[in-house]
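**Q** My structure is below; once you've seen it, I'll send some questions.
The values are calculated or read from the model by the stated rules, or taken from the named source; none is laboratory data. From a predicted model like this one, the values you see are computed outputs, not experimental measurements. Cβ placement follows ideal geometry from the backbone for every residue including glycine, while neighbour counts extend to all protein chains displayed. Side chains included, ligands, DNA and RNA excluded: accessible areas come from the protein's heavy atoms. Shrake-Rupley method; radii C 1.70, N 1.55, O 1.52, S 1.80 Å.
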Amino acid sequence: RATMKSLRFLSAEAFVSNAEFARKSLKAVAHNLFPLLFKASYLLEQGEVIHDLVENWPLVDFNMGKLLGPTVDYQEDLSHRTCSVCLESCLTGLRDYVLSHSSPYMKRLKVVDLTGIKDVEVQFCECKKTMGRWARTQLLSKLCAELLVYLQQAQCSPGTFEISIDVLIDLFVTERNYELVVHALLKKCHCPLKICCVAFRSDNLTLQKFFYIIKLTDTSLLRKLEIVHNVRLEMEHLEILFNSIHFPLLMSLTLPARTFNVRRFTPTDEQMLTNIGEKMSEMTQLTELCMSFSVLTGRIQKLLSPLKTPLKMLDVSNCSLNHADMAYLANSLHAYHLESLDLSGHDIPELYPSTFFKLLSRSSSVLRSLTLEDCNIQDTHVNMLILGLSPCQKLHEFKFVGNPLSSQALKHLFTFLCELPMLKNVEFPVPRDCYPLGITYPIDDANLCRFDHQKYESVAEELNLILVQANREDVKASTPLFGSYDAAVQETNNELGAYLIKSFKETLEKFTTSFNEL
């Protein structure tokens with residue numbers, strides 16, 4: 001659906017479409033038109049014009065989210081276009097802003113905010129080449145290093161050394177870009193571009209490197225911390241992290257798989273868990289918590305009850321929760337504030353159906369995203385599920401892949417889902433009747449793709465027709481067999497794969513050595 005453009009925006013497009021003319025004419029452009037020209041250039045992927053606009057930016061701040069978001073002149077949100085041409089031009093323009101010979105009195109820029117860029121699966125830019133969060137981290141760190149070298153070697157005007165621009169960014173650090181980012185953070189006080197980390201994600205890092213780099217970031221600014229794949233953080237390390245570093249503004253925390261494992265709990269572990277809960281209570285802004293694939297049986301209350309702020313997002317998928325855990329969640333203050341909830345990997349109908357529906361009822365007025373993958377939801381449970389979801393009128397997203405539901409039950413459920421006015425995304429399972437008889441759930445990876453693909457396509461078409469007939473073409477329905485799209489994993493999957501192979505090889509070598517010793 002085409003978005004209307006104002007005459008001002010159409011004029012801006014015409015101006016920047018001739019790159020050579022636009023670049024020559026920038027000196028004569030009124031300062032208040034730079035944001036308009038920037039968005040027009042970004043839409044048309046005019047890299048050279050973008051570079052020159054940033055190099056000559058006349059305003060105090062440069063906020064990508066606001067510049068590319070909906071504006072009066074053009075309502076279309078371009079912040080999800082992580083176009084490589086545009087973003088590279090933007091960042092190199094920022095470097096050249098520092099190095100340009102214009103008078104220091106003309107240089108008013110103080111804050112650059114890159115945090116509004118959204119990484120999505122489908123790109124609409126013509127070049128089809130994206131620059132994800134990892135690559136943005138890499139390029140900004142590289143440009144900071146280049147600036148430092150240039151300032152040391154060249155005869156710069158004294159005013160250049162007085163330039164100080166805070167660059168707000170969501171850093172993504174792995175083994176491959178670790179050294180470059182560490183160098184940029186270590187030299188931050190000498191560089192005109194000051195990296196200010198608002199969100200930090202680390203994958204494929206040793207604990208030693210993770211602890212070193214997190215201490216280099218100014219954690220007083222950190223709002224989101226994600227420690228995800230191949231960082232072997234366990235409970236004792238988490239306690240050390242919270243004891244040694246203060247996170248006053250932290251709003252979102254994601255911990256790696258198996259951070260907690262209560263199966264082997266000792267009195268020391270109990271005390272450690274208590275300490276972690278108390279430290280989390282000091283994070284007064286914390287509203288999002290992801291602790292998937294840990295074993296937390298019977299310990300949810302100990303972890304969450306000290307929190308001073310109700311959680312808006314909770315991911316406890318595959319955490320072996322028992323009835324006491326679910327009862328705590330349903331009766332806690334968190335229940336009334338949960339906008340996003342992931343309880344995947346729990347046999348909800350068998351273990352705690354009434355408690356779960358109590359939790360769903362209490363969060364229904366605010367719940368926007370619900371994930372119930374591999375929860376053993378069967379045809380006989382669909383009517384009860386519909387009853388539980390009916391009050392969730394703000395639900396945007398419902399994911400229930402991996403449940404043993406027939407095509408008939410899915411059609412019944414989809415007919416109901418059409419009635420949820422805010423719903424935009426549904427992830428549904430391959431129908432049980434598309435698999436061979438006798439298939440057991442949860443289905444292992446080896447059998448996941450062994451279904452009747454032709455029959456599945458036919459059912460998927462019928463489900464889509466239900467949406468169309470209800471005038472709900474705005475709802476996207478899909479079956480991601482191997483999990484939802486993760487921009488970070490997509491961008492670094494080669495490194496992630498190499499790390500897993502290396503880990504497997506090391507484990508095999510240790511096993512062989514132990515076997516030979518025996």
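**Q** Anything in segment 282-338 that is aromatic (Phe, Trp, Tyr) and either open to solvent by less than 50 Å² (accessible area, probe 1.4 Å) or free of Cβ contacts under 8 Å to residues at least 24 places away in the same chain (or both)? List them, or say none. I'd like the intermediate steps shown before the answer.
**A** Looking only at segment 282-338, we keep the residues that are aromatic (Phe, Trp, Tyr), and these are 293, 328, 336.
Result: Tyr328, single match.
**Q** Any idea which of Val382, Val401 is open to solvent by less than 10 Å² (accessible area, probe 1.4 Å) and either part of a loop (DSSP other than H, G, I, E, B) or among the aliphatic types (A, V, I, L, M) (or both)?
**A** Values: Val401 fails: open to solvent by less than 10 Å² (accessible area, probe 1.4 Å).
Matching residue, one of Val382, Val401: Val382.
**Q** Got a sec? Which of Val182, Val167 is open to solvent by less than 20 Å² (accessible area, probe 1.4 Å), in a helix (DSSP H, G or I), aliphatic (A, V, I, L, M) and not assigned by the TED database to the domain that holds Val295?
**A** On the way: Val167 fails: in a helix (DSSP H, G or I).
Going through Val182, Val167 in turn, the sole match is Val182.
**Q** Now a separate question. Identify all residues within segment 98-111 that are at pLDDT below 95 and either crowded, with 16+ Cβ neighbours inside 10 Å or not in a helix (DSSP H, G or I) (or both); write none if there are none. Show your work before the answer.
**A** Filtering segment 98-111 down to residues at pLDDT below 95 leaves 98-108.
Those that are at pLDDT below 95 and either crowded, with 16+ Cβ neighbours inside 10 Å or not in a helix (DSSP H, G or I) (or both): Val98, Leu99, Ser100, His101, Ser102, Ser103, Lys107, Arg108.
**Q** Still on this structure, please answer the following. Among the residues in segment 28-35, are any under 25 Å from Lys118 (Cβ atoms), at pLDDT 95 or above and part of a loop (DSSP other than H, G, I, E, B)? Let's see the steps before the verdict.
**A** Going through segment 28-35, the residues under 25 Å from Lys118 (Cβ atoms) turn out to be 34-35.
From what is left, the residues that are at pLDDT 95 or above are 34-35.
Narrowing the set further to residues that are part of a loop (DSSP other than H, G, I, E, B) leaves none.
Checking segment 28-35: not a single residue is under 25 Å from Lys118 (Cβ atoms), at pLDDT 95 or above and part of a loop (DSSP other than H, G, I, E, B).
**Q** Next question, about the same structure. So which of Val459, Val426 ends up being among the β-branched types (Val, Ile, Thr) and farther than 23 Å from Gly345 by Cα?
**A** Values: Val426 fails: farther than 23 Å from Gly345 by Cα.
Step by step, each of Val459, Val426 is checked, and only Val459 is among the β-branched types (Val, Ile, Thr) and farther than 23 Å from Gly345 by Cα.
**Q** Let me ask another. Looking only at segment 463-480, which residues are part of a loop (DSSP other than H, G, I, E, B) and closer than 17 Å to Glu419 by Cβ?
**A** Filtering segment 463-480 down to residues part of a loop (DSSP other than H, G, I, E, B) leaves 470-475, 479-480.
Across segment 463-480, the qualifying residues are Ala470, Asn471, Arg472, Glu473, Asp474, Val475.
**Q** Still on this structure, please answer the following. When segment 16-34 is examined, which residues are found to be open to solvent by 40 Å² or more (accessible area, probe 1.4 Å) and under 22 Å from Asp61 (Cβ atoms)?
**A** From segment 16-34, those open to solvent by 40 Å² or more (accessible area, probe 1.4 Å) are 17-18, 20-21, 23-24, 27-28, 30-33; that's our starting set.
Result: Lys27, Ala30, His31, Asn32, Leu33.
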